[in-house]
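To start, the structure itself, in structure tokens.
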Amino acid sequence: MTSADFTNLTIDPQRLWDSLMETARFGATAKGGIRRLTLSDEDRQVRDWFRRACEAIGGTVTVDDCGNMFARRPGRRNDLPPICMGSHLDTQPTGGKFDGNLGVLAALEVMRTLHASGYETNAPIEIVNWTNEEGSRFAPAMLASGVFAGAFTREFAYSREDRDGRTFAAELARIGYRGDEPVGARKIGAMFELHIEQGPILEAEGKMVGVVTGVQGMRWYEVTVRGQEAHTGATPMHLRRNALLGAARMIEAIDAIALRHTPDAVGTVGLAEVRPNSRNVVPGEVFFCVDFRHPDEAVLETMEREFRAALPATLEPLGLAFEEKRIWNSPAVQFDTEMIGCVRKGAEKAGFATRDMVSGAGHDAAYIARVAPTTMIFVPCAGGISHNEAESTSFEECGAGAQVLLEAVLAYDQRFG
Ligand code: HGY
Ligand code: MN
Ligand code: MN
């Protein structure tokens, strides 16, 4: 089949849904979500499944030395860099079935559709599974796509430790996915990423497709507050140096900073560790992580300044010491105009209402946009809930996303015809 015939190619939504449900078994939780931390045994299981599924339709699977997986389908002109469709298969500890998974499995559905129809694209097509997008086990997020795009060194990624002290490098080798290809060596011609919105806008406006124009800026910080462990019964209040009290006041201050810069600012403390975490010991040390986001870098700078001023002002009067380090700074990103046009055209051809939007969540596309034309496609998720085992995107919405992904890729491929 040639490009003139591509008007009637349609994905198989049932086959997509079956793959989503089949792979949800790897790390399935009792509440219907997925716990598939990056480089865990569950991650290895889904990677093995993904490799077999791609090879079953003639795909050639390559793994780079950060575990990124590339499944390639040749085109008419294999001298061209591939048009990629990428996302991630790792999840949050209490993740849902669709975050990341939809993007990779819809890309597989597109490739299955091309394979079944014998359609030959001009450029080669590749599906990409990026390692450690979530940044939950190994911080920061989007780590391996960041290495691919030159935002981090491979050594930095290898050195990252989870909260049990295991390194990225050791776990990557342990699950057998430390590939031979040097990360970043292969060329990407363009990348489309289909993803659930993870917010409430599309559902609230009754729109099926988000035409994503960019990703907001994101910054993560690690803070350690130090006081003194003491007996909760025998230590008078005025003699205490309670690290948890200090951390609690900082969490309040972080929330106030974000509220000062709404509606677009968000600020969260999602991870905190209290030591020794015993009922009758005044906490001597607290470790916590801060997540600030905003579409405008200048506002993020202001939020960071206010945060760093609040630390001594809040903690020193309580007799507490602290350390603070920014461990991630992912600046706001604009996506490629031509590819955004292909998504718009694809949605129109597929008959879905759209709305333009900037992504609140981070995605691998934010880094890949540094090295290749990139854009994203959103579909709704119920109540905008994500990073939650109750995350839910319907059969129709998944099918719509995959159809628009197919149309957008084929529309972009026309430029090489
Ligand atoms: O943090 C994020 O926005 C993404 O889910 N990793
Ligand atoms: Mn994701
Ligand atoms: Mn996520």
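Can you tell me how many residues within the range 287-322 are open to solvent by less than 40 Å² (accessible area, probe 1.4 Å), aromatic (F, W, Y) and over 29 Å from the mean Cα position of the chain (by Cα)?
Selection size over the range 287-322: 0.
Working carefully through the options G184, G176, find the one that is closer than 28 Å to F416 by Cα and out of contact with any Leu (no Cβ under 6 Å at 6 or more places or on another chain). Talk me through it step by step, then tell me what you get.
Numbers: G176 fails: closer than 28 Å to F416 by Cα.
Among G184, G176, only G184 is closer than 28 Å to F416 by Cα and out of contact with any Leu (no Cβ under 6 Å at 6 or more places or on another chain).
So A310 fits all but one of (1) more than 16 Å from ligand 1 (Cβ to nearest atom); (2) of a type in the set (A, V, I, L, M, F, W, C); (3) closer than 30 Å to E285 by Cα; (4) touching a Gly at 6+ places or on another chain (Cβ under 9 Å); what number is the exception?
Checking A310 against (1) more than 16 Å from ligand 1 (Cβ to nearest atom); (2) of a type in the set (A, V, I, L, M, F, W, C); (3) closer than 30 Å to E285 by Cα; (4) touching a Gly at 6+ places or on another chain (Cβ under 9 Å), the one that fails is (4).
Just give me the residues in the range 250-286 being touching a residue at least 60 places away in the same chain (Cβ under 8 Å), surrounded by fewer than 20 Cβ atoms within 10 Å (Cβ to Cβ) and not in a strand (DSSP E or B), in sequence order.
Result: A253, single match.
For the range 387-409: of the residues being acidic (D, E) and within 16 Å of ligand 1 (Cβ to nearest atom), which is nearest to R137 (Cα to Cα)? Spell out the reasoning first.
Filtering the range 387-409 for residues acidic (D, E) gives 389, 391, 396-397, 407.
Then drop every residue that is not within 16 Å of ligand 1 (Cβ to nearest atom), which leaves 389, 391.
Numbers: E389: 17, E391: 20 Å.
This residue is E389.
Just give me the residues in the range 380-391 being under 17 Å from the mean Cα position of the chain (by Cα) and within 15 Å of ligand 3 (Cβ to nearest atom), in sequence order.
Restricting attention to the range 380-391, the residues satisfying the condition of being under 17 Å from the mean Cα position of the chain (by Cα) are 380-381, 384-389, 391.
If the condition is that a residue be under 17 Å from the mean Cα position of the chain (by Cα) and within 15 Å of ligand 3 (Cβ to nearest atom), then C381, G384, I385, S386, H387, N388, E389, E391 are the ones that fit.
Determine which member of the set I127, I196 is over 20 Å from L37 (Cβ atoms), surrounded by 21 or more Cβ atoms within 10 Å (Cβ to Cβ) and in contact with a Cys (Cβ under 7 Å, 6 or more places away or on another chain).
On the way: I196 fails: over 20 Å from L37 (Cβ atoms).
It is I127.
Counting only residues that are within 16 Å of ligand 3 (Cβ to nearest atom) and in contact with a helix residue (DSSP H, G or I) (Cβ under 6 Å, 6 or more places away or on another chain), which one in the range 333-367 is farthest from E397 (Cα to Cα)?
First, pick out the residues of the range 333-367 that are within 16 Å of ligand 3 (Cβ to nearest atom): 359-367.
Checking the rest, the ones that are also in contact with a helix residue (DSSP H, G or I) (Cβ under 6 Å, 6 or more places away or on another chain) come to 364, 367.
Working: D364: 21, Y367: 26 Å.
Among those that are within 16 Å of ligand 3 (Cβ to nearest atom) and in contact with a helix residue (DSSP H, G or I) (Cβ under 6 Å, 6 or more places away or on another chain), it is Y367.
Quickly run through the range 142-173 and pick out the residues that are open to solvent by 50 Å² or more (accessible area, probe 1.4 Å), part of a loop (DSSP other than H, G, I, E, B) and farther than 21 Å from F70 by Cβ.
Step one: filter the range 142-173 for residues open to solvent by 50 Å² or more (accessible area, probe 1.4 Å), giving 150, 153-156, 159, 161, 163-164, 166, 170, 173.
Then keep just the ones that are part of a loop (DSSP other than H, G, I, E, B); that gives 150, 153, 163-164, 166.
Those that are open to solvent by 50 Å² or more (accessible area, probe 1.4 Å), part of a loop (DSSP other than H, G, I, E, B) and farther than 21 Å from F70 by Cβ: R163, D164, R166.
When the range 356-379 is examined, which residues are found to be away from ligand 2 (no atom under 15 Å from the Cβ), assigned to a loop (DSSP other than H, G, I, E, B) and crowded, with 22+ Cβ neighbours inside 10 Å?
Across the range 356-379, the qualifying residue is only A369.
Could you list, in sequence order, all residues of the range 97-131 that are under 22 Å from the mean Cα position of the chain (by Cα) and either free of Cβ contacts under 8 Å to residues at least 24 places away in the same chain or outside any helix (DSSP H, G or I) (or both)?
Matches in the range 97-131: K97, F98, D99, G100, I125, E126, I127, V128, N129, W130, T131.
What about H88, is it closer than 30 Å to Q14 by Cβ, within 16 Å of ligand 2 (Cβ to nearest atom) and in contact (Cβ under 8 Å) with a residue 12 or more places away in the chain? Let's see the steps before the verdict.
Values: closer than 30 Å to Q14 by Cβ: yes; within 16 Å of ligand 2 (Cβ to nearest atom): yes; in contact (Cβ under 8 Å) with a residue 12 or more places away in the chain: yes.
Spelling it out, H88 is indeed closer than 30 Å to Q14 by Cβ, within 16 Å of ligand 2 (Cβ to nearest atom) and in contact (Cβ under 8 Å) with a residue 12 or more places away in the chain.
From the set of residues in the range 323-355 that are under 20 Å from the mean Cα position of the chain (by Cα) and not hydrophobic (A, V, I, L, M, F, W, C), which is most open to solvent (accessible area, probe 1.4 Å)?
Once the filter is applied, the top-ranked residue is Q334.
If you take the residues of the range 84-95 that are in contact with an Asp or Glu (Cβ under 6 Å, 6 or more places away or on another chain) and more than 16 Å from G67 (Cβ to Cβ), which of them is surrounded by the fewest Cβ atoms within 10 Å (Cβ to Cβ)? Write out each step before concluding.
In the first step, residues of the range 84-95 are kept if they are in contact with an Asp or Glu (Cβ under 6 Å, 6 or more places away or on another chain); the result is 84, 86-88, 90, 92, 94.
Within this subset, residues satisfying the condition of being more than 16 Å from G67 (Cβ to Cβ) are 84, 92, 94.
On the way: C84: 26, Q92: 23, T94: 16.
Among them, the one singled out is T94.
Here is a list: R36, R72. Which entry is within 16 Å of ligand 1 (Cβ to nearest atom) and either within 21 Å of Y367 (Cβ to Cβ) or open to solvent by less than 20 Å² (accessible area, probe 1.4 Å) (or both)?
R36
For the range 178-193, which positions are more than 16 Å from ligand 2 (Cβ to nearest atom) and open to solvent by less than 10 Å² (accessible area, probe 1.4 Å)? Walk me through how you get there before you give the answer.
Initially, the range 178-193 is screened for residues more than 16 Å from ligand 2 (Cβ to nearest atom), giving 178-190.
A190, the sole residue that qualifies.
The values are calculated or read from the model by the stated rules, or taken from the named source; none is laboratory data. Keep in mind that what you see is a predicted model, and the values were worked out from it rather than measured. Every residue, glycine among them, receives a Cβ derived from its backbone with ideal geometry; neighbour counts consider all protein chains shown. We work out accessible area using only protein heavy atoms, side chains counted, and drop any ligands, DNA or RNA first. Shrake-Rupley method; radii C 1.70, N 1.55, O 1.52, S 1.80 Å.
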